[in-house]
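The values are calculated or read from the model by the stated rules, or taken from the named source; none is laboratory data. Fair warning: this is a prediction, and the values are worked out from it, not measured in the lab. So basically every Cβ, Gly included, is an ideal-geometry build from the backbone, and we count neighbours across all protein chains shown. Keep in mind that these areas ignore ligands, DNA and RNA; they rest on the heavy atoms of the full protein, side chains included. Shrake-Rupley method; radii C 1.70, N 1.55, O 1.52, S 1.80 Å.
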Amino acid sequence: MDKRPFGVSRLLSRCRGWIQAGAALLTNLHLPNFLRGGLYQGPGKRLCVPGLNCYSCPASAGACPIGAFQAVVGSSKFHFSYYITGLLILLGVLLGRFICGFLCPFGWFQELLYKIPLAKRSTKALYPLTWLKYLVLLGMVVLLPMLAVNQAGLGDPFFCKYLCPQGVLEGAIPLALVNPGIRATLGDLFLWKCGILLAVILCSIAFFRPFCKWLCPLGAFYALFNQISLVRMQVDQTKCISCGKCAKACKMDVDVTRTPDHTECIRCGMCVRACPTGAVRFCCGAPSGKARSGAGQTAQPTPQTDPTKQGEKP
Amino acid sequence: MFLSKRTAAQLILFAAGIAMTVFGVWRGEADTVLYKAINLCLECVGIG
């Protein structure tokens, strides 16, 4: 088989941290605003960034897709956002949860916390919690801002207001540090959100990307497109020796040899790096002949790849 | 067969995504997004 795609895949997975850092920087390009204590107010904020990034971050170069959706849905003029939904569908079809693995600043933040050398815990037993993020998407992002409106027809952005820790991390804390006016207005809601941020930080030290796994509505939306996205994982069956190293390396609890398009796969490429034969790789477009890519094709579980026979991750 | 279904789904959703985006811009949603994004989101930062 050709070696070039495998080389590119391995390079991509090895450089992922740098790509995440670059994406976080591009998403928050207006760094001097941190010192000024104001927001970027240019036309770029008509567009959404692909990852979860608060538009009240002083440096933010674009709008948060989840915040923007709620802003439109909760406005008196509109009850649904075709604009944001359309943009997210385009991103989902092109990249799927590759965005979570490579482009989301908050995902990168959680991964940096996970690097702190303290005890790590497996999340396999907590797998049912992954369904929570779909409830958050449907309830807090779509239905509540749409239906729970005041007399003027305005709905609250429930996810941003009560659950999202990004607003405090990127918005409230840096703004309050340099702006006494904002500092003076922070109250109980700010404390509640600080508590959520603290919980996410502590969980992120012990678990791999807990917010992405269990709560993120943006990840839930992109997950719906993982089975059809252009960018995805591909397993070359002529090279796979069923050693199970990819499944053990995956911190999202996915066995890429069985379900390469699993909704929880964030295309981080840890399986690419773990594969001793180069059978796993990123691919873009239609998979080639003997490759497995798609939930419609079921693999025969082997003793090595059967998740029920794997030990806990370190 | 599976691949063709997948490709068809990609094409349909891609076209739907473009159509929805254009329709949303046409009816002024982008201005609502801009207005919200250039002003401090009180709910986001925990002011209320």
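Test each condition in (1) touching a residue at least 40 places away in the same chain (Cβ under 8 Å); (2) more than 10 Å from every other protein chain (Cβ to nearest Cβ); (3) surrounded by fewer than 21 Cβ atoms within 10 Å (Cβ to Cβ); (4) under 30 Å from A:SER76 (Cβ atoms) for A:ALA206 and report the one that comes out false.
Going through (1) touching a residue at least 40 places away in the same chain (Cβ under 8 Å); (2) more than 10 Å from every other protein chain (Cβ to nearest Cβ); (3) surrounded by fewer than 21 Cβ atoms within 10 Å (Cβ to Cβ); (4) under 30 Å from A:SER76 (Cβ atoms) one by one, A:ALA206 breaks only (4).
Going by the conditions given, is A:LEU126 within 14 Å of chain B (Cβ to nearest Cβ) and assigned to a helix (DSSP H, G or I)? Spell out the reasoning first.
On the way: within 14 Å of chain B (Cβ to nearest Cβ): no; assigned to a helix (DSSP H, G or I): yes.
When the stated conditions are applied, A:LEU126 does not pass them.
Which number in (1) more than 7 Å from chain A (Cβ to nearest Cβ); (2) modelled with pLDDT under 95 marks the one condition that B:TRP26 misses?
It is condition (2) that B:TRP26 fails.
Answer yes or no: is there a residue in segment B:1-12 that is farther than 20 Å from A:LYS77 by Cα, within 7 Å of another protein chain (Cβ to nearest Cβ) and of a type in the set (Lys, Arg).
Yes, there is a match, as at least one residue in segment B:1-12 is farther than 20 Å from A:LYS77 by Cα, within 7 Å of another protein chain (Cβ to nearest Cβ) and of a type in the set (Lys, Arg).
Give the residue, chosen from A:LEU169, A:LEU144, that is more than 20 Å from the chain's Cα centre (by Cα) and surrounded by 13 or more Cβ atoms within 10 Å (Cβ to Cβ).
Being more than 20 Å from the chain's Cα centre (by Cα) and surrounded by 13 or more Cβ atoms within 10 Å (Cβ to Cβ) holds for just one of A:LEU169, A:LEU144, which is A:LEU144.
Among residues belonging to segment A:126-137 that are under 17 Å from the mean Cα position of the chain (by Cα) and not hydroxyl-bearing (Ser, Thr, Tyr), point out the one that is most open to solvent (accessible area, probe 1.4 Å).
As a first pass, look at segment A:126-137 and keep what is under 17 Å from the mean Cα position of the chain (by Cα): A:127, A:129-137.
Going one step further and asking which of them are not hydroxyl-bearing (Ser, Thr, Tyr), we end up with A:129, A:131-133, A:135-137.
Details: A:LEU129: 66, A:TRP131: 159, A:LEU132: 68, A:LYS133: 0, A:LEU135: 116, A:VAL136: 12, A:LEU137: 26 Å².
The residue in question is A:TRP131.
Considering each residue of segment A:178-202, count those that are more than 10 Å from every other protein chain (Cβ to nearest Cβ) and touching a residue at least 40 places away in the same chain (Cβ under 8 Å), and give that number.
3
Just checking, how many residues over segment A:109-125 are open to solvent by less than 70 Å² (accessible area, probe 1.4 Å), among the aliphatic types (A, V, I, L, M) and at pLDDT 95 or above?
The qualifying residues number 2.
Among (1) aliphatic (A, V, I, L, M); (2) within 7 Å of chain A (Cβ to nearest Cβ); (3) out of contact with any strand residue (DSSP E or B) (no Cβ under 6 Å at 6 or more places or on another chain); (4) under 18 Å from A:PRO145 (Cβ atoms), which single condition is B:LEU40 missing?
(4)
Just the residues that are open to solvent by 10 Å² or more (accessible area, probe 1.4 Å), under 17 Å from A:ALA172 (Cβ atoms) and either in a loop (DSSP other than H, G, I, E, B) or of a type in the set (S, T, N, Q) (or both), please, taken from segment B:28-48.
B:ASN39, B:LEU40, B:ILE47, B:GLY48
If a residue counts only when it is crowded, with 19+ Cβ neighbours inside 10 Å, which helices (runs of 4 or more DSSP H) contained entirely in segment A:1-96 have at least 3 such residues?
A:4-14, A:16-27, A:65-73, A:82-95
Is it fair to say A:ASP236 is at pLDDT 95 or above and farther than 23 Å from A:ALA68 by Cα? Steps first, answer last, please.
Numbers: at pLDDT 95 or above: no; farther than 23 Å from A:ALA68 by Cα: yes.
So A:ASP236 does not fit the description; no.
Is it fair to say A:ILE228 is open to solvent by 10 Å² or more (accessible area, probe 1.4 Å) and in a loop (DSSP other than H, G, I, E, B)?
So A:ILE228 passes the test.
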